[in-house]
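The structure appears right after this line, and notes come after that.
Please treat every number below as a calculation from the coordinates, not as lab data. Here the structure is a predicted model, which is why all the values come from computation and not from measurement. Using ideal geometry, Cβ is built from the backbone for each residue, glycine included, and neighbour counts are taken over all protein chains shown.
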Amino acid sequence: MAIPRSVPEFHRGDYGTVLQFEVRNSKNNLVDLSQNFCGAEVLFMMPDGNTFSRPAMLSPADESGSDDGIDGVLFYVIQPGDLCIAGDWYFQVFIAFTTGAWYSSVIQAQVFPNLFDVNEETLIP
């Protein structure tokens, strides 16, 4: 099972937020992902019922080098366009090993609306 370390406050259009998921076994122990790990996906369900998935990583994209997965943590960095609708969102992790594949519990998070949209291109030099 993968569970989030914390659920940050999200706003429509946010990106760059790092989601961290701890992978734990039925005894609540962290799972060593360096053994028999094939890959993982973060599954998203939008408020309108549409779904999409994104690949999870063993280390955040902003860190150099790679983690060997011993710590049992998966990462996904929210990309531009991911959080495109305000409302109730649902997240789930699908993780595969050579010995089997599992889905995590479903995590609900609120994506809040903004007062108005800012033209980001005029703010970034």
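I need the calculated FRET efficiency for the pair residue 26 and residue 79, taking r as the beta carbon distance and R₀ as 25 Å, to the nearest 0.05.
The computed FRET efficiency comes out at 0.20.
Sparsely packed loop sites in segment 9-54 (the trypsin sites (Lys or Arg not before Pro) outside DSSP H, G, I, E and B with at most 10 other Cβ atoms within 10 Å) comprise 27.
One decimal place: the segment residue 96-residue 48 gains 14.5 nm when fully extended, by the rule 0.36 nm per residue minus the C-alpha distance.
Let me test this: with uniform point scatterers at the alpha carbons of segment 2-113, what is the Debye-based log₁₀ I(q)/I(0) at q = 0.11, 0.20, 0.24 1/Å? For the requested q values the scattering log ratios are -0.34, -1.07, -1.42.
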